[in-house]
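The values are calculated or read from the model by the stated rules, or taken from the named source; none is laboratory data. Predicted model only: the values in this text are computed from it and were never measured. Every residue, glycine as well, gets a Cβ built from its backbone with ideal geometry; the counts of neighbours run over all protein chains shown.
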Amino acid sequence: MKTLQPEFKNKIQQITELSMKLNNDDKQKILATKLYQMIAYSKVSQPTDTQVKEYYELHKSNFEHPSSFDVFIYQSNNKDALESKVQNPMFYSPEIQSNEQVLPYDRISPELANLLSRTAINSFSPIIPDGKGGHMSFYIKEIQSPKESGIGSVKSQIVNTIMAQKREQVL
């Protein structure tokens, strides 16, 4: 039994040394990968104004947006009543207030603009919190003709898109 202890200790030491060697090899591989990525990213240059303009011209339709939304805004503190209204437009409840408005695209938040853009004409948007403890939904009556964004207002978005594509190509 005593002869097994030195053998056992010897095997444990061998396994420990092997494990440390493998960990060091893994660390070296990870560091090398990170170094290659850093070198690759440093070689990616910012797009020139000409490249930005060319990208904008080729992808103009991606930067069009409605000029405004004609909507009915339905608000209520009672979410269940609002859900009933969304499911059945003929439903009436005194707990639901409605308001017809024209919402110019340039004066609403990007999140709301995205929500309204995704909602079909003559239908309700999903119910969202109104920020006052209640809920609201938008009925899209009409979407005014698309308006093209100027290159100045979307330049940073274009630069980010081009840079992402370049990084993807490098990797």
> Within segment 122-171, how many residues turn out to be over 30 Å from S76 (Cβ atoms), touching a strand residue (DSSP E or B) at 6+ places or on another chain (Cβ under 8 Å) and not in a loop (DSSP other than H, G, I, E, B)?
Replying inline: 3
> Mind checking whether some residue in segment 47-68 is over 30 Å from P104 (Cβ atoms), within 26 Å of the chain's Cα centre (by Cα) and not in a helix (DSSP H, G or I)?
Replying inline: yes
> Just to be sure, is A81 crowded, with 16+ Cβ neighbours inside 10 Å, touching a Ser or Thr at 6+ places or on another chain (Cβ under 9 Å) and assigned to a helix (DSSP H, G or I)?
Replying inline: yes
> Hey, among the residues in segment 111-152 that are over 30 Å from H59 (Cα atoms) and aliphatic (A, V, I, L, M), which one's surrounded by the most Cβ atoms within 10 Å (Cβ to Cβ)?
Replying inline: M136
> Quick check: is even one residue across segment 89-104 surrounded by 15 or more Cβ atoms within 10 Å (Cβ to Cβ), more than 13 Å from Y139 (Cα to Cα) and either aromatic (F, W, Y) or in contact with a Gly (Cβ under 6 Å, 6 or more places away or on another chain) (or both)?
Replying inline: no
> Restricting the first residue to segment 133-159 and requiring it to be of a type in the set (D, E), which pairs with a second residue that is at pLDDT 85 or above and assigned to a loop (DSSP other than H, G, I, E, B) meet a Cβ separation below 8 Å and a spacing of at least six or different chains?
Replying inline: E142/I121
>> Being out of contact with any Lys or Arg (no Cβ under 7 Å at 6 or more places or on another chain), surrounded by 13 or more Cβ atoms within 10 Å (Cβ to Cβ) and among the aromatic types (F, W, Y): is that true of F69 here?
In response: yes
>> For the condition assigned to a loop (DSSP other than H, G, I, E, B), on the phi < 0 side of the Ramachandran plot and more than 23 Å from the chain's Cα centre (by Cα), what is the one hit in F72, F91?
In response: F91
>> Any residue in segment 27-40 that is farther than 15 Å from R167 by Cβ sitting within a Cβ distance under 8 Å of a residue that is outside any helix (DSSP H, G or I)? List the pairs, counting only those 6 or more apart or interchain.
In response: none
